1. Which peptide among 151-161, 33-43 comes first, and what is the full order, when sorted by highest mean count of other Cβ atoms within 10 Å?
2. If you take the Cα Rg of region 2-59 and divide it by 2.2 N^0.38 Å, with N the number of residues, what do you get?
3. With θ taken as phi - 60° and the coefficients 6.51, -1.76 and 1.60, list the Karplus ³J(HN,Hα) couplings across region 38-50 in order, rounded to whole Hz; mark glycine and proline as x.
4. I need the phi-derived Karplus couplings for region 90-100: 6.51 cos²θ - 1.76 cosθ + 1.60, θ = phi - 60°, integer Hz, Gly and Pro marked x.
5. Run the helix sum for the chain: -39,500 (n - 2.57) per DSSP H stretch of 4+ residues, divided by residue count, reported at 222 nm to the nearest 500 deg cm²/dmol.
6. Which percent, nearest 5, of DSSP beta bridges in region 3-213 are antiparallel?
7. Using the Karplus curve 6.51 cos²θ - 1.76 cosθ + 1.60 with θ = phi - 60°, work out ³J(HN,Hα) for each residue of region 116-126 in order, rounded to whole Hz, and write x for Gly and Pro.
8. Just to be sure I follow: if Rg is taken over the C-alpha atoms of region 1-156 and Rh is the Kirkwood radius over the same atoms, what is Rg/Rh?
Amino acid sequence: MVKIAPSILSADFCNLAQEIYRVRTADWVHVDVMDGAFVPNLTVGVPVVKSIRSHTDMFLDVHLMIDKPERYVRAFAQAGADLLSVHLEADHPTRIARALEIMGECGVKKAVALRPITAPEAVLPYLEQLDMVLVMTVEPGFGGQAFLEHQLDTIRRVRQLIDQYNPACELEVDGGINPVTARRAVEAGASVLVAGSSVYGAPDIDLAIQILRGGPDSNP
Ligand code: DX5
Ligand code: ZN
C-alpha cells in the first residue's frame, strides 16, 4: 500500500510536536529544508530536525532543498533523519555521489530528488544504491502549488527504471498531492506520497490521510 508522508511545511511551526502527533496515522513525516539559494525560500535546519527526533518515533523523511548538500548530510543524519533526499541539480555529480557515500557511512537511507526540469535518466548513475527517488510535481520552494500534470510522464519513466534496476527502491512524489492527483501519481508508479496543504488543511486529518492512501472512502 502507498505510504503517506505529510509535509510539516504546512504545519504550525510554533506547535511542531503537536502538529506531528496530529499526523500519527500517516507513515512518514516529511521535513522540507530550504536554504534560500537552491530555492527562493527558507525553512528549518539541523536543530529543528534534532528537536523533532526527540518528540516522535515516526520515520523522518528529510528533503534537502539546499546547494552543495554534501556539507550537511552528516549533521542531518546525526540529528536523527531516517532518510535524506539530495537534489541532483544541487551539485556536481561527483559531489552528489559523495553525499550518498556519507549517507551510507551514517546508516541513513539514501534518496535523490529531481526538479521538474530534470530528465528521469539522471537517476541512472546512482539508482542501484538508492532507497528512494523523489520526483517533484511542483517547482520546489513552496507548499500549496498546483500539481504539474506533465510530471506523470517522469513518474512513469522513473518507475520503469526502478523496476528494471532496483525494484526495492521507493518512488516518492512531492507537490500538489490531493485525492485526485494522488490517484494519478499512484497509477503512474508512486509508492510514497508527500502531502502538505491537503493534509494540514483538511478538517479531518485522519480521514484525509486515509483517502490519500486509497482507503474505503477514497472517491474524490
Ligand atoms: C515544496 C515541498 C513540498 C511541499 C508540498 O517545495 O518540497 O514538500 O510541502 O506541499 P503541498 O502538498 O501543499 O504541495
Ligand atoms: Zn518536500
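1. Descending mean neighbour count gives 151-161, 33-43.
2. In units of the 2.2 N^0.38 Å rule of thumb, it is 1.13.
3. 5, 10, x, 7, 10, 10, 10, x, 4, x, 5, 4, 4
4. 8, 6, 5, x, 5, 6, 5, 4, 5, 4, 5
5. Mean residue ellipticity, 222 nm, calculated: -10000 deg cm²/dmol.
6. 5 percent
7. x, 6, 7, 5, x, 5, 4, 7, 4, x, 10
8. When Rh is taken as the Kirkwood radius, the ratio is 0.94.
Coordinate-derived values only; no laboratory data. As the structure is a prediction and not an experimental result, all values here were calculated from the model. Cβ coordinates were reconstructed from backbone atoms using ideal geometry, including for glycine residues, and neighbour counts include every protein chain displayed.
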